[in-house]
Amino acid sequence: METTRRLFLQAGAGIGGGLMLGFGFAKAEGTQALTDYISIAPGGLVTIMAKNPEIGQGAKTMLPILIAEELDADWTKVRIETAPSDEARYGAQFAGGSMTTTMNWEPMRQVGAAARWLLIEAAARKLSAPHDAFTTAKGQVIHESGKTFVYGELAADAAKPTPPALENLKLKDPKDFKLIGQSQNGYDSPKIVRGEPIFGIDMTLPGMLYAVYVKSPVYGARLQTCDLTAAKAMPGVTDVFILKGTDWHGLQDGIAILAKSWWYAQNARTALEPVWDDAIGATHDSAIYLEKAKALVKGKGDVKQHSGDIDAALKSAAKTIDAFYDVPFLAHVPMEPQNCTARVTATGVEIWAPTQVPNSGKELVGKTLGVAPETVTVHMRRAGGGFGRRLENDYMAEVAAIAQKAGKPVKLVWSREDDVAHDFFRPGCYHSLRAGVDAAGRLTAYACHSVTFSRDGQVAQGAGIDGNAFAPLVTPNFRLEQSLIETTIPTGYLRAPSSNALAFVHESFWDEIAHAAGQDPVAFRLAQLDAHLSDKANYNPARMRAVLQTVAERSNWGKASLPKGEGLGVATYFSHRGYFAEVAHVRVAADGQWRVLKVWAVGDVGSHIINPTGAFNQVEGSVMDGIGSMEAGITFEKGRAVQSNFHDIPMMRMPKAPQVDVHFVTNDFPPTGLGEPALPPVIPAVANAIFAATGIRIRKLPILPETLATKQVANA
């Protein structure tokens, strides 16, 4: 990331008169933003600001590790605080796209290196000795004579020198890393275990009321009438009023119920009988979408990408393979449902939110309330899961509008049913695929006609069909067509957006091609990688080859003898700058019940695994998320979600959790993020393993036991 930086010091503003130091990211030429990252108390306690939202991905621990490493801080004397949300001071603050490591690997280390330089300079001036005569270790500056200073002793004096430009600072040689590469527990983990109130839903304010906001289950429906009398008379209710919608990403038409407790407010919604104009959803059924998709793939779509002569290649192929894949809509359903707390006064708006994008929330709240965004303060609270749902700040807009009208602090909490009904769903998609192989079993042609969803004539949010996958990179003749179905359903980004669907489709189809060509799936993929002679679209075939070979070795691929009803499946995927290859071991019972017994996941995310504990957690969590999604799906009838809660949206449960073997391949490439790239390949790996176990090809999700039971019984 290109940055322009300058240091600033503010003596006396730190803890107990210590040192505060920071640097700013230039948002545009001619502008400079400044912020604080480090303060050092006289006693030596180092406080480091974590600038990005924490949604369980470990950023709150990982970013300070980068600073502390170059600072040579004693990690046992480091305290971490969540930074204020202020992009003018901190630059980009968001959780998404597995970008935190990529964007901060060098800048955060420079912050630590700059602070270390200042502390050494303070010691040098104190002893009238040259700067080079000092080194540092575990929170101390050490002179070559053996004289030592703890950082707290130098903090105030360290504010006086002029530091060098950040780009002139020498960062550590990786062989000297003391913290990077060593496992550290999540900073908030003890608080979570103790049940301390750190999540958004834990927030309370003096005089606060609780709110429920009732909306139509049909997205876009307008409120016609609603008698509020009965709800206002319910126990504990303090007020009920109607709000008109302003923005499809924010405030919708609805009825706000305010009460002394959330339960009172939730109970009062039963007294409402709103009348909605929900005609907008009349034709938005999943069954209608499927029929439209089947019709569209028979025609021509917009050609998004092509190379070679696909029609001639298919015509001359020794064998062609055809398939149609059907991927459902999905809900995010983070364990902590949507919630937000707000206080609106004449001078400003304060928001306490578990959000992935706090600063865009200021814009939305300002727009909703008709106030300047600069008057909106968003306090980042830890989120109990994000997965992309909290890239939308609609709950923030709702609570702000309710609090403004109420004139009191308000906490809004959505029920699980509200959360499902009003999600920004992972869009479904449909894919008609055709591949050709020659007499030697080599892939010669690959064609895909994808049907995805649009809104107002544009590809819907999160519904992009990416041609930048494995197939176009290794196939001499390739064509990707796209057709669109207009939808009213709100769509958005789910962990590993687009890739979480496209990996299932293409990597499952690769398995079909390999079997049709009479080849082992791992050997077939390696052969295609060997044919791929150069990098394209930032895809490095050597890196993928390394993880694929490693996962084959670790899983004993091709050597294990498995009992009837069990199978191994393999898949690879490159997304979010990470290369992953995974093998799944699956057992399918005669009644169609299936379970993943073990997953081997091998990834390449560059030169360093900054915090192995966090990295392993991310991969294991991705594997669980991916497998869990294979039993879930959202269908729609007349514009409303049919499913509503965990009874019909299955989540991965402990008894079904597989063993996960995680391994990383490191190299000289810069480190990148791990929030997402391990998820996409596990889905096709499991689907391919089910095929190996049963002979049933999974081309439609979710996987229903009755689908597998039919073949099992037939084979019995």
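Quick look at the values:
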{"read-out": "Backbone HN-Hα couplings from phi across segment 220-232 [Karplus 6.51/-1.76/1.60, Hz, Gly and Pro as x]", "value": "x, 5, 9, 7, 8, 8, 6, 7, 8, 4, 5, 5, 5"}
{"read-out": "Percentage, to the nearest whole number, of Cα pairs in segment 462-592 over 18 Å apart", "value": "61 percent"}
{"read-out": "Residue order for LEU66, LEU391 - accessible surface, 1.4 angstrom probe, largest first", "value": "LEU391, LEU66"}
{"read-out": "Fraction in percent of alpha-carbon pairs per bin - 5 Å, segment 611-716", "value": "2, 10, 16, 18, 17, 14, 10, 7, 3, 2, 0"}
{"read-out": "Mean Cα-pair separation over length for the chain, i.e. relative contact order, pairs under 8 Å, 6 or more apart, %", "value": "13 percent"}
{"read-out": "Farthest toward positive dipole pole in the chain [+1 Lys/Arg, -1 Asp/Glu at C-beta], among MET652, PHE94, GLY254", "value": "MET652"}
{"read-out": "Exposure rank, largest accessible area first [PHE453, PHE94; 1.4 Å]", "value": "PHE94, PHE453"}
{"read-out": "Under the Debye formula (equal points on every Cα, no solvent term), log10 I(q)/I(0) of segment 369-475 at q = 0.12, 0.13, 0.21 Å⁻¹", "value": "-0.69, -0.75, -1.23"}
{"read-out": "For q = 0.17, 0.27 Å⁻¹, Debye-computed log10 I/I(0) when each Cα of segment 364-432 counts as one equal scatterer", "value": "-0.76, -1.40"}
{"read-out": "Table column - 3J(HN,Hα) (Hz), segment 241-253, Karplus curve with 6.51, -1.76, 1.60, x for Gly and Pro", "value": "8, 9, 10, 9, x, 10, 7, 5, 8, x, 6, 9, 3"}
{"read-out": "Top positive-direction residue, dipole computed over segment 588-681 with Cβ charges, set HIS663, ALA678, MET630", "value": "MET630"}
{"read-out": "Surface accessible to a 1.4 Å probe, SER145 within the full protein complex, Å²", "value": "90 Å²"}
{"read-out": "Net +/- balance of residues flanking VAL602 in space, Cβ distance below 10 Å, scoring K and R +1, D and E -1", "value": "-3"}
{"read-out": "Heavy-atom SASA rank of GLU54, GLU153 (probe 1.4 Å, accessible area, largest first)", "value": "GLU153, GLU54"}
{"read-out": "Cβ-based net charge around GLN643, under 15 Å, with every Lys or Arg adding one and every Asp or Glu removing one", "value": "-4"}
{"read-out": "Point-charge dipole on Cβ atoms (K/R +1, D/E -1) for segment 151-310, about Cα centre, debye to 20", "value": "260 debye"}
{"read-out": "For segment 399-449 and segment 558-624, distance of Cα centres in Å", "value": "23 Å"}
{"read-out": "Heavy atoms of LYS405: accessible area, 1.4 Å probe, square angstrom to 10", "value": "120 Å²"}
{"read-out": "Which of ASN611, ALA211, PRO328, positive extreme of dipole for the chain (C-beta unit charges)", "value": "ASN611"}
{"read-out": "Per-peptide average of other Cβ atoms within 10 Å, ordering 241-253, 644-656 highest first", "value": "241-253, 644-656"}
{"read-out": "Inter-site label distance for ALA233 and LYS260 at 7 Å from Cα along Cβ, in nm", "value": "1.9 nm"}
{"read-out": "Largest-first ellipsoid semi-axes for segment 308-396, taking √(5λ) over the Cα gyration tensor eigenvalues, angstrom", "value": "48, 17, 9"}
{"read-out": "Cα gyration tensor shape for the chain, rounded if a/c is under 1.5, else prolate or oblate", "value": "oblate"}
{"read-out": "Environment charge at VAL665 (Cβ cut-off 15 Å; Lys +1, Arg +1, Asp -1, Glu -1)", "value": "-1"}
{"read-out": "Sequence-separation-based contact order of segment 415-537, relative, with Cα cut under 8 Å and 6+ spacing, percent", "value": "27 percent"}
{"read-out": "Estimated 222 nm signal from helices in the chain, with DSSP H stretches of n ≥ 4 weighted -39500 (n - 2.57), rounded to 500", "value": "-8500 deg cm²/dmol"}
{"read-out": "Heavy atoms of MET234: accessible area, 1.4 Å probe, square angstrom to 10", "value": "50 Å²"}
{"read-out": "Surface share of carbon and sulfur [accessible, 1.4 angstrom probe, percent] for the chain", "value": "52 percent"}
{"read-out": "Dipole in debye (nearest 20) - the chain, about Cα centre, beta carbon charges: Lys, Arg +1; Asp, Glu -1", "value": "560 debye"}
{"read-out": "Relative contact order, percent, segment 119-182 [alpha-carbon distance under 8 Å, six or more residues apart]", "value": "27 percent"}
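The values are calculated or read from the model by the stated rules, or taken from the named source; none is laboratory data. Model, not experiment: these values are computed from the prediction. Backbone-built Cβ (ideal geometry, glycine too); neighbour counts: all protein chains shown. Note: accessible area is taken over every heavy atom of the protein model, side chains too, but ligands, DNA and RNA are not part of it. Shrake-Rupley method; radii C 1.70, N 1.55, O 1.52, S 1.80 Å.
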